[in-house]
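In what follows, a single structure is set out as structure tokens and then discussed.
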Amino acid sequence: MEKNRLEAFSDGVLAIIITILVLEMKVPHGSDLAALKPILPVFLTYLLSFVYIGIYWNNHHHLFKACERINARIMWANLHLLFWLSLFPFVTGWMGENHFTPLPTALYGAVLLCAAVSYYILQNLIVAEAGRDSKLATSIGRDWKGRLSPVLYAAGIGLSFVQPWIAGSLYVLVALMWLIPDQRLARAIATSH
């Protein structure tokens, strides 16, 4: 199967998710800096979610550039990932509107965890399709960031009920960890072309 339609569909869904994220931010009533203070938590959660969507879009792009062919399992795994990413606007808005209270912060972490697990499943299916000895499989290697992220998300979920700001800090830490470009797939793509 060709992968172009899947990539185009995924890009479209991610663009819609980012659009919905920004639409959740309400314009403040007032024209001074003090009017912005109440929406600061909403903006901070928007910023974090925007970064996460950007990270997923970037990694998804590189993963599919390294992928030579897809199958039905990969298509369903991709939809599974998009499902969890589509929940970002809801959990972003809820956490921001409630100023990082425990339950919304925990649910935000749960969606992050489920998105990470679904990406891991997608990545493994693509590697299985390419073969365990492929350049793609070799380039992914041990995937320490992919293994550490769910652990930090799970810790954040638990810590949400103790100190939500610590959970939020863990979510930011994972995002910062992924902001550093991962050159493994880029190298695999370059050597295969």
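For this structure, a couple of remarks:
- Reduced Cα scattering model of the chain, Debye log10 I(q)/I(0), q = 0.11, 0.14, 0.16, 0.19 Å⁻¹: -0.52, -0.80, -1.00, -1.29
- Gain upon complete extension [F83, V22; 0.36 nm per residue less C-alpha separation]: 20.1 nm
- The calculated 222 nm mean residue ellipticity attributable to helices in the chain amounts to -26000 deg cm²/dmol, summing -39500 (n - 2.57) over DSSP H runs of n ≥ 4 and dividing by all residues.
- Residues I166 and D11, FRET efficiency given R0 of 30 Å [Cβ-Cβ distance, rounded to 0.05]: 0.30
- For region 72-104, backbone nitrogen atoms closer than 19 Å to the point 7 Å from I39 Cα along Cα-to-C-beta are found at 89-100.
- Cα→Cβ-extended label distance, 7 Å offset, between T101 and L173, nm: 2.6
- Sulfur and carbon atoms: percent of accessible area, the chain [1.4 Å]: 69
- Rounded accessible area per residue of the chain, 1.4 Å, Å²: 55
- Karplus (6.51, -1.76, 1.60) ³J(HN,Hα), θ = phi - 60°, over region 105-118, in Hz, Gly and Pro reported as x: 5, 5, 5, 4, x, 5, 5, 4, 4, 5, 5, 5, 5, 5
- Cβ-placed point charges (K, R +1; D, E -1), dipole of region 43-193 about Cα centre in debye, nearest 20: 400
- Helix 40-66 axis, angle to the chain major axis (alpha carbon atoms, nearest 10°): 0
The values are calculated or read from the model by the stated rules, or taken from the named source; none is laboratory data. Just so it is clear, the model here is predicted, and its values are computed rather than measured. Glycine also receives a Cβ, built like all others from the backbone with ideal geometry; neighbour counts cover every protein chain displayed. Please note that ligands, DNA and RNA were not included when accessible areas were found on the heavy atoms of the full protein model with its side chains. Shrake-Rupley method; radii C 1.70, N 1.55, O 1.52, S 1.80 Å.
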